[in-house]
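See structure below.
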Amino acid sequence: MLGKASLVAFAAISDARRARHFYCEVLGLRLKEETEFALVLDANGVELRLQKVEAVTPQPWTQLGWAVASIAETIDALAAKGVETERFSFLPLDERGIWTTPDGARIAWFKDPDGNLLSLAEATSS
């Protein structure tokens, strides 16, 4: 039924100006519009609606994630803009904060200004 419908992703933000800077200037997403209720971004063809709320309660799980060709290059580019990867004591992470899964995929996490957990993933090369 929804297999051919376009996906719209949602996340919550408490400060539109700060979120717009992070998602547009740091991450490189394109702002489509700003309304009273949300920032509407183009995330490579997927609409991302950052809902304006009074306060965000960050969750311990990933809210949004991106599949990237080179996780190391992406992390280095984000680090140059001040983004730090998250560190988890229960995962073996390399110096960049990348975890290599048992099947060889590589994953790293970072947070937006509201504390939403975001991820990067590089698939195994086959």
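Structure values in brief
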| item | result |
| --- | --- |
| Semi-axes of the equivalent ellipsoid for the chain, Cα gyration tensor, largest first, Å | 25, 18, 14 |
| Under 5 Å, built H, 5+ apart or other chain: amide partners of T62 | none |
| Cα convex hull of the range 1-58, projected area averaged across orientations, nm² | 4.8 nm² |
| Point-to-point label distance, A16-V46, nm (Cα→Cβ direction, 7 Å offset) | 2.4 nm |
| Loop-located trypsin sites (Lys or Arg not before Pro) in the range 4-39 whose Cβ has at most 11 other Cβ within 10 Å (DSSP) | K4 |
| Karplus (6.51, -1.76, 1.60) ³J(HN,Hα), θ = phi - 60°, over the range 101-112, in Hz, Gly and Pro reported as x | 6, x, 8, x, 5, 10, 9, 9, 10, 8, 10, 7 |
| Exposure proxy order (Cβ contacts within 10 Å, fewest to most) of S14, S6 | S6, S14 |
| Cα centroid separation - the range 71-126 against the range 1-51, whole Å | 21 Å |
| HN-Hα J in Hz across the range 60-71 - Karplus 6.51, -1.76, 1.60, θ = phi - 60°, x for Gly and Pro | x, 10, 5, 8, 9, x, 10, 8, 10, 6, 9, 5 |
| GNM result for the chain, Cα springs below 10 Å: residue of G97, G28, G65 fluctuating most strongly | G28 |
| Cα-centred dipole magnitude for the chain, charges only on beta-carbon of K, R (+1) and D, E (-1), debye, nearest 20 | 180 debye |
| Label-to-label distance, nm, for residues given as E95 and S70 (7 Å Cα→Cβ offset) | 1.7 nm |
| Positive-end residue, the range 8-122 charge dipole about Cα centroid, Cβ charges, pick of V83, G45, T35 | T35 |
| Estimated distance in nm for a label pair at E25 and K111, the labels positioned 7 Å out from Cα along Cα-to-Cβ | 2.1 nm |
| For the range 22-32, Karplus couplings with θ = phi - 60° (6.51, -1.76, 1.60), whole Hz, Gly/Pro x | 5, 6, 8, 7, 7, 7, x, 7, 9, 6, 8 |
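Every read-out reported here was derived from the displayed coordinates using simple, explicitly stated rules and does not represent laboratory data. All values derive from a computational prediction rather than experimental measurement. Every residue, glycine as well, gets a Cβ built from its backbone with ideal geometry; the counts of neighbours run over all protein chains shown.
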